[in-house]
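As structure tokens, the structure follows; a few thoughts come after it.
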Amino acid sequence: MAGRPLIGVSTYLESGARWGVWELEAALLPAGYPRLVQRAGGLAVMLPPDAPEHAAAAVARLDGLVIAGGPDVEPSRYGAEPGPRTGPPDRARDTWELALIEAALARGVPLLGICRGLQLLNVALGGTLVQHLDGHAGGPGVFGSHPVRPVPGTRYAAVVPEETSVPAYHHQAVDRLGAGLVASAHAADGTVEAVEIPSGPWVLGVQWHPEMGEDVRVVRALVEAAAAARAGGAPGSAGLTPV
């Protein structure tokens, strides 16, 4: 590819972050995200929360977009009351990342949602979430691991055709799929582990954390789709097979 595609990755604000002699509010992103984009051939840029009306302008400058993992989506976003094990909302982040997703979908910018990012993609398209399930994390602050099986004929299966073990840390998941989305991978217990829009621009969400593993294929597919779109190729073509 001629030049590395510019891949934006959403970040979040944390109060009381500490480094050196400082303790200040900071825009944070685990280093695994930009490193994974770089390993996959992209140029990573961080997108801290901003006013939602600026999302379209930010996305217009990108070749691809990653919505990163993080806290639970506020249940009111999908018409539900919070369950007893649902975490406190981050309303500013929900608003900003939903605006980024909507802008990427409207513009046809290749989009990858990771963990919370998959859940937000589903919610943005009218879907709902299971607010708690067990067995998909290794304990507080510890990533678990479990197998994920692709659905044959999907874009995800074209990228990762075999069952793989993935690093996971989530207690929420897709319930009702959003409009236009199809499930493209499942865990052994039936949990939806990947979703995608099967035609048109490249849009995929994965419920696990590829930035914590060694497999770069999913993010490489995003980078290739971003390069193809920038070069004027058919959206989502980049070596993938739409359903």
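Values computed for the structure shown
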{"quantity": "Close pairs (6 angstrom Cβ cut-off, 6 or more residues apart or separate chains): free of Cβ contacts under 8 Å to residues at least 24 places away in the same chain in the range 129-147, open to solvent by 70 Å² or more (accessible area, probe 1.4 Å) anywhere", "calculated": "145/165"}
{"quantity": "Selected residue [at pLDDT below 95 and open to solvent by 20 Å² or more (accessible area, probe 1.4 Å)] from 183, 179, 234, 238", "calculated": "234"}
{"quantity": "Any hit, the range 16-28, residues being in contact with a strand residue (DSSP E or B) (Cβ under 9 Å, 6 or more places away or on another chain) and touching a residue at least 40 places away in the same chain (Cβ under 8 Å)", "calculated": "no"}
{"quantity": "Residues satisfying the stated conditions in the range 1-50, i.e. open to solvent by 40 Å² or more (accessible area, probe 1.4 Å), in a loop (DSSP other than H, G, I, E, B) and either under 20 Å from residue 115 (Cα atoms) or in contact with a Pro (Cβ under 6 Å, 6 or more places away or on another chain) (or both)", "calculated": "30, 31, 48"}
{"quantity": "Unique residue being in contact with a strand residue (DSSP E or B) (Cβ under 9 Å, 6 or more places away or on another chain), open to solvent by less than 10 Å² (accessible area, probe 1.4 Å) and closer than 23 Å to residue 81 by Cβ when the list is 168, 173, 194", "calculated": "173"}
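The values are calculated or read from the model by the stated rules, or taken from the named source; none is laboratory data. It should be emphasised that the depicted structure is a prediction, and the values quoted were computed from it without experimental measurement. Cβ coordinates were reconstructed from backbone atoms using ideal geometry, including for glycine residues, and neighbour counts include every protein chain displayed. Heavy atoms of the whole protein, side chains included, go into the accessibility calculation; ligands, DNA and RNA do not. Shrake-Rupley method; radii C 1.70, N 1.55, O 1.52, S 1.80 Å.
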